[in-house]
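J.: Sharing a structure, written as structure tokens. Questions coming.
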Amino acid sequence: MSVKIRLKRFGTKKRPYYRIVVMDSRSPRDGRTIEEVGFYHPIEVEEKQLQVKEDRVKEWLKNGAKPTDTVKRLLNKIDIKFK
């Protein structure tokens, strides 16, 4: 099973917010998750946009989970490094 750290979309039309989740790469975008590790709210002010459980993300990265390009960009904002 290939595990990805990716975004799961919530919210209404033109007012999205996302949860950063760990899930099987074969499941649909809004499908069943293994674990929720944070959220991203692009409409909020800069300080409230991103909240991540850093210890859980680092643990999943250590165990081989691959972040998507968007999640990589978000994690770089808060200085989480990965392979």
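J.: Charges only on Cβ, +1 for Lys and Arg, -1 for Asp and Glu: so what's the dipole of the chain about the Cα centre, in debye to the nearest 20?
T.: Charge dipole, the chain, about its Cα centre: 380 debye, nearest 20.
J.: If you take the charge dipole of the chain about its Cα centre, with +1 on Lys and Arg Cβ and -1 on Asp and Glu Cβ, which of His41, Leu75, Gly31 is farthest toward its positive end?
T.: Gly31
J.: May I pose another question? Would you please name the trypsin sites (Lys or Arg not before Pro) within the stretch 6-71 that are DSSP coil residues with at most 16 other C-beta atoms within 10 Å of their C-beta?
T.: Lys13, Lys14, Arg26, Arg29, Arg32, Lys53
J.: So in the chain, what percent of DSSP beta bridges are antiparallel if you round to the nearest 5?
T.: 90 percent
J.: A further question follows. Determine the equivalent ellipsoid of the chain by diagonalising the alpha-carbon gyration tensor, then write out the semi-axes as square roots of 5 times the eigenvalues, largest first, rounded to whole Å.
T.: 20, 17, 9
J.: As a quick test, which of the pairs Lys4/Lys62; Lys14/Lys48; Lys13/Lys58; Lys14/Lys66 have an alpha carbon distance above 23 angstrom in this structure?
T.: From the list (Lys4/Lys62; Lys14/Lys48; Lys13/Lys58; Lys14/Lys66), the Cα-Cα distance tops 23 Å for Lys13/Lys58; Lys14/Lys66.
A short reminder: the numbers here are calculations on the coordinates, not readings from a lab. Being a predicted model, the structure only gives us computed values, none of them experimental. Neighbour counts are summed over all protein chains in view; Cβ atoms, including those assigned to glycine, are modelled from backbone coordinates with ideal geometry.
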